[in-house]
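This report concerns only the one structure given below.
The values are calculated or read from the model by the stated rules, or taken from the named source; none is laboratory data. Since the model is a prediction, treat every value here as computed from it, not as a measurement. Cβ placement follows ideal geometry from the backbone for every residue including glycine, while neighbour counts extend to all protein chains displayed.
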Amino acid sequence: MAQPALIRGSIAIAATFAMASGFACATAPSALADTPTETVIPAATDYYPPQEWIALAGPGGFLHTQAGKPGWIWTKYSGGPDIPMPGRHTLQPGNSGAGSDVVATQTSFTTVRLQDMDSGTTTTVTLPTGQYYLGTFGSKVLTFTRAADGSVSLHVLTVSSGQLTDTQVTGWPTGATVGTEVAVGDANSVVVKYTDSTDGTSGRLALIDLASGHMTPVFGEIPSNANVVLLDKYVGWYLGGTTLHLLSRPNLTAPETAVQVPTPYGAFDVRHLAVVGDSLLVNYDWNTSASTPADQQLGHGLYVAPLTGGTATPVVDHVQTDWAFGASSDGAVVLGGSSLSDWGDRRITPSSDGTTKPTTVFSDPGGGPAPLNGLSVADGQLVTVESGSDPDADVFTRTIQLGGTPSYGPHTAFGKALEPSDCSAGPHSSAVSCAPPLATGDGRISQGIPSSPNDYATVQSRTGSSEVTVAGPGGTLVDSDGRYVIYDSSGTGTQYIGDVDLGTGTNVLFSRPISGAALWESTLWVANPTPGSLSAISLPTQRTTKTVSTGAPCVPSELQAAAGRWIYWSCGTSGPAGVYDLVTGAHISVPPSGLAQLGDGYLVEHDTGSGKLELTDVHADTAVTSDLATLPAQNWLTDDRRVTWAVDKFPGGGIAYTDAQENIHIFDPHVPASPASGGVLLPNQRLNSGDSLTSGSVRLVMQADGNLVAHLKTGGTSAPAVWASGTHGHPGAYTVMQPDGDLVVYGPNDGPGTGGALWSSNTGGNAGAYAVLQDDGNLVVYRQASADSRNALWSSGSYARPQTIASNATLKSGWWTRSQRTFLVMQSDGNLVMYRKRDGAAIWSSGTYGHPGAYAMMQKDGDLVVYRSGGGPSTVGSLWASGTHGHPGAYAIMQDDGNLVIYKSGGGPSTGGSLWASNTWRNAS
């Protein structure tokens with residue numbers, strides 16, 4: 001089938017609007033659509049190395065989990081397959097075990113499962129009544145009880161031959177307040193923190209012998225936030241700085257030894273510290289000025305130094321600084337390497353010569369897929385949030401082209417989102433910072449920003465942002481389209497309608513009680529208090545322009561609007577839902593299987609029970625549902641829309657979803673684009689100041705100065721004009737498609753009954769005629785019930801000319817052509833200019849501005865020439881030329897790579913023979 005027209009429109013609907021029934025019948029779409037087609041965008045490469053968390057480093061292996069991968073695994077140092085370890089594990093000392101290869105899993109409040117990874121045996125420990133789990137050390141379980149007066153007792157539980165032995169920890173000094181904070185432990189002893197009797201606040205350490213249950217105070221008063229280490233020969237503590245305080249474990253009454261930790265240049269604090277044999281193993285905090293690009297990407301090095309003092313030297317070039325450092329009695333495990341390709345877990349052990357030796361025990365090379373934390377599709381632009389593909393950006397854009405098999409443009413950095421979004425799963429991510437942006441359809445993005453005392457919603461471009469401030473925290477961004485946003489404040493029960501271009505302190509247009517609401521361009525659709533009743537409000541005038549009854553049996557809690565034609569309503573995930581066709585007035589029931597997103601003539605729902613994306617085609621006013629793709633539920637997310645899947649609500653738009661490997665799948669649903677949606681102006685419909693119609697290439701704007709202007713669509717603020725009514729100088733003027741068939745621009749206080757027309761198409765006498773802004777950029781007035789070119793009554797002539805400028809062809813003033821990445825415009829000021837679609841930047845020109853009416857001609861002799869108005873090959877008056885004359889039959893192509901090239905006759909992009917080029921392909925993307 002033909003490529004769906006990417007038509008977009010913003011129309012204010014007159015209260016007296018009545019659709020001619022003949023028009024609706026003539027434009028009824030076919031009942032069946034083609035099978036959806038798919039393209040897969042490969043995942044972006046992660047700029048940063050993989051991360052992981054180490055919960056236990058034993059003598060024979062270690063327990064760890066990797067970012068982006070489910071569950072924990074046990075890896076043996078000696079090799080062999082990794083062993084999945086189900087259950088919940090944390091990084092609290094001893095929670096998952098310590099000092100041995102026994103992995104502990106608390107399976108309930110009263111039971112702990114101990115798995116000996118060496119012998120393969122499993123023991124279940126049932127906690128006595130009133131005892132609570134603290135950790136497992138070797139094969140012994142440490143618990144606590146709390147008496148009615150708040151005092152705490154510690155207990156050591158041992159299971160032997162099925163019998164449980166409960167040993168209460170004794171030896172506490174008189175007046176000691178026992179705590180439940182475990183600092184560190186191994187198979188023989190545990191260090192816990194407590195306070196003494198002097199003031200009840202001084203920090204103390206107790207070394208508990210697990211065999212006897214007896215505690216021994218160690219050290220004197222220490223800082224409450226000190227880090228504690230427990231080694232075969234020593235127990236010690238440190239607090240940043242450069243001093244490690246040690247006591248001999250065999251002789252705790254011996255004097256304390258203070259070891260000076262060497263500090264390399266640029267390091268200022270100790271982050272992690274272990275003792276391996278007779279060496280210190282140190283990971284430092286660093287001054288930013290001492291960071292190289294590699295350090296910033298991969299982390300600083302891991303250093304080793306003699307325990308007796310000396311210089312610290314690197315033992316691993318780069319290591320992860322947090323969570324991936326596990327120490328045991330005979331070594332340590334740390335994640336790092338020399339480069340992304342060399343990344344993995346290293347076990348650091350003492351060598352026979354007294355030095356330390358790193359051995360790779362788990363390889364996890366980087367350069368994998370960059371994690372995706374959000375995606376949105378709007379008006380043919382895909383927006384993604386990626387944590388790791390670029391150090392300077394986390395939001396990226398691509399253009400999406402549908403028709404046949406979908407295609408896509410280059411991966412382009414947008415910038416940093418104002419609110420970082422982390423929607424990942426894992427033991428250390430609760431997805432509380434999941435804030436995927438919503439593409440606004442005009443090259444910008446919108447986010448809801450939680451804040452105190454007031455939330456705000458933003459609309460952000462590549463170069464700046466504006467915001468709408470609401471009353472109170474705890475709200476939700478509901479919808480955003482261009483300059484407008486809807487934000488619900490749950491704390492106040494108020495819905496805020498904002499306009500970021502309003503220019504007030506809060507940029508709030510008005511507020512209302514929370515109900516279902518949706519945006520389409522400058523029209524706000526709201527649910528009324530009467531079940532099934534919806535109203536359209538023109539935001540520029542804040543007046544209700546239309547009220548419809550959808551047949552909904554409730555006041556919808558959610559609304560969505562798409563393509564200027566379709567309204568989705570829902571009574572909740574368990575209640576009925578439907579789609580209302582604004583053109584035909586049809587009520588279409590759809591399955592209420594879960595969260596949904598509305599497209600042009602279709603609905604996509606995620607059935608989390610079956611793990612499927614389902615496509616419901618409603619374009620023929622009946623619902624036909626089919627499976628679209630497999631997408632497992634993301635149980636850590638309550639709403640995965642715009643996180644793992646998204647729908648383009650604009651006419652002819654597509655669908656995107658991500659798979660487990662972070663690839664992005666783009667679907668063309670092959671549902672016909674609505675012929676009466678988007679860029680259509682029906683009888684009695686009007687464009688007020690600020691309103692617009694939009695097609696795939698052109699935006700028709702009723703400007704504030706009274707001029708009706710067709711601009712080429714670009715992602716930036718620069719939008720070349722290709723047609724205008726010439727009615728500037730009349731602020732507040734508007735355009736109306738009159739019932740008699742005339743398209744007219746009137747002054748602000750004039751109209752069909754009072755006169756004062758500033759411009760018209762002169763097509764009166766054709767009752768029921770309507771205007772269409774076509775995908776090719778042409779504004780056309782057609783006879784009623786026909787879109788056949790033979791029934792066109794008037795056109796602006798602003799349509800796109802062929803990409804190939806043939807020999808003897810011309811580009812007249814106002815004419816233009818396009819490629820995948822660029823527009824080439826023969827401007828009314830006489831300049832031939834190439835614009836980049838992405839941001840509207842001019843990347844090449846003939847430099848012939850200042851000559852209104854000038855035109856370009858691809859001469860028969862092979863020269864591309866810009867002539868002034870009235871000039872030509874026989875009358876001269878050339879302003880610029882390519883200098884390629886002498887090659888009869890040569891022609892020019894505005895290529896998809898962004899290069900304007902002149903080829904000799906018979907030549908071409910695949911055969912060569914270029915004579916001249918603009919050399920803009922490098923900066924056209």
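Residues in region 313-358 that are touching a residue at least 60 places away in the same chain (Cβ under 8 Å), under 34 Å from the mean Cα position of the chain (by Cα) and in a loop (DSSP other than H, G, I, E, B) were compared, and the one that is surrounded by the fewest Cβ atoms within 10 Å (Cβ to Cβ) is Trp323.
Residues of region 759-772 that are buried (at least 21 other Cβ atoms within 10 Å of the Cβ) and outside any loop (DSSP other than H, G, I, E, B): Tyr770, Ala771, Val772. All conditions in (1) within 28 Å of Lys357 (Cβ to Cβ); (2) in a loop (DSSP other than H, G, I, E, B) hold for Val103, with the sole exception of (2).
Conditions tested, residue by residue: (1) closer than 20 Å to Glu558 by Cβ; (2) of a type in the set (Asp, Glu).
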site: Ser452; (1), (2): no, no
site: Val459; (1), (2): no, no
site: Thr469; (1), (2): no, no
site: Gly472; (1), (2): no, no
site: Asp479; (1), (2): yes, yes
site: Arg483; (1), (2): no, no
site: Ile486; (1), (2): yes, no
site: Ser489; (1), (2): yes, no
site: Tyr496; (1), (2): yes, no
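Restricting region 65-83 to residues that are modelled with pLDDT under 95 and either in the same structural domain as Trp343 (by TED's automatic domain parsing) or assigned to a strand (DSSP E or B) (or both) leaves a set whose member that is nearest to Val112 (Cα to Cα) is Thr65. Scanning region 724-751 for residues that are outside any loop (DSSP other than H, G, I, E, B) and of a type in the set (Val, Ile, Thr), we see that the one that is surrounded by the most Cβ atoms within 10 Å (Cβ to Cβ) is Thr735.
Scanning region 359-397 for residues that are surrounded by 20 or more Cβ atoms within 10 Å (Cβ to Cβ), assigned to a strand (DSSP E or B) and not aliphatic (A, V, I, L, M) yields a count of 10. The set of residues in region 579-610 being within 28 Å of the chain's Cα centre (by Cα) and under 26 Å from Ser522 (Cβ atoms) consists of Val579, Ala596, Gln597, Leu598, Gly599, Asp600, Gly601, Tyr602, Leu603, Val604. Checking Thr65, Thr45 one by one, the residue that is closer than 30 Å to Pro293 by Cβ, within 24 Å of the chain's Cα centre (by Cα) and not aliphatic (A, V, I, L, M) is Thr45 and no other.
Conditions tested, residue by residue: (1) part of a strand (DSSP E or B); (2) buried (at least 21 other Cβ atoms within 10 Å of the Cβ); (3) touching a residue at least 12 places away in the same chain (Cβ under 8 Å).
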| position | (1), (2), (3) |
| --- | --- |
| Ala856 | yes, yes, yes |
| Arg868 | yes, no, yes |
| Ser874 | no, no, no |
| Thr884 | no, yes, yes |
| Gly913 | yes, no, no |
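Scanning region 702-723 for residues that are hydrophobic (A, V, I, L, M, F, W, C), surrounded by fewer than 19 Cβ atoms within 10 Å (Cβ to Cβ) and either without any contact (Cβ under 8 Å) to a residue 60 or more places away in the chain or on the phi > 0 side of the Ramachandran plot (or both) yields a count of 1. For Gly715, the criteria (1) modelled with pLDDT of 90 or more; (2) touching a Gly at 6+ places or on another chain (Cβ under 6 Å); (3) within 30 Å of Ala378 (Cα to Cα) hold in every case but one, which is (1).
Being closer than 22 Å to Leu477 by Cα, out of contact with any helix residue (DSSP H, G or I) (no Cβ under 8 Å at 6 or more places or on another chain) and outside any loop (DSSP other than H, G, I, E, B) is not true of Gly441.
The single condition among (1) over 24 Å from Ser692 (Cα atoms); (2) in contact (Cβ under 8 Å) with a residue 40 or more places away in the chain; (3) among the small types (Gly, Ala, Ser); (4) buried (at least 21 other Cβ atoms within 10 Å of the Cβ) that Ala809 does not meet is (4). Going by the conditions given, is Ala633 modelled with pLDDT of 95 or more, over 20 Å from Val583 (Cα atoms) and either among the small types (Gly, Ala, Ser) or surrounded by fewer than 16 Cβ atoms within 10 Å (Cβ to Cβ) (or both)? No.
Residues in region 45-64: is at least one part of a strand (DSSP E or B), of a type in the set (Asp, Glu) and in contact (Cβ under 8 Å) with a residue 60 or more places away in the chain?
If we filter region 45-64 for residues that are part of a strand (DSSP E or B), which is where we start, we get 45, 52-57, 61-64.
Filter once more, so that each one left must be of a type in the set (Asp, Glu): 52.
Now drop any that are not in contact (Cβ under 8 Å) with a residue 60 or more places away in the chain, which leaves 52.
Yes, the conditions are met somewhere in region 45-64.
Please count how many residues of region 576-600 are within 19 Å of Ser549 (Cα to Cα), in contact with an Asp or Glu (Cβ under 7 Å, 6 or more places away or on another chain) and either part of a loop (DSSP other than H, G, I, E, B) or not aliphatic (A, V, I, L, M) (or both).
The initial filter retains those residues of region 576-600 that are within 19 Å of Ser549 (Cα to Cα), namely 576-590, 598.
Add one more test, that the residue is in contact with an Asp or Glu (Cβ under 7 Å, 6 or more places away or on another chain), and what stays is 581, 584, 586, 588.
So of that shortlist, the ones also either part of a loop (DSSP other than H, G, I, E, B) or not aliphatic (A, V, I, L, M) (or both) come out as 581, 584, 586.
The qualifying residues number 3.
Give Gly653, Gly690, Gly696 a once-over and let me know the one that is surrounded by 23 or more Cβ atoms within 10 Å (Cβ to Cβ), part of a loop (DSSP other than H, G, I, E, B) and in the same structural domain as Ser725 (by TED's automatic domain parsing).
Numbers: Gly653 fails: in the same structural domain as Ser725 (by TED's automatic domain parsing); Gly690 fails: surrounded by 23 or more Cβ atoms within 10 Å (Cβ to Cβ).
Only one candidate passes the filter, namely Gly696.
Specify the residue that is farthest from Thr523 (Cα to Cα); the eligible residues are those in region 461-482 that are in a strand (DSSP E or B) and out of contact with any Gly (no Cβ under 8 Å at 6 or more places or on another chain). Top of the filtered list is Ser465.
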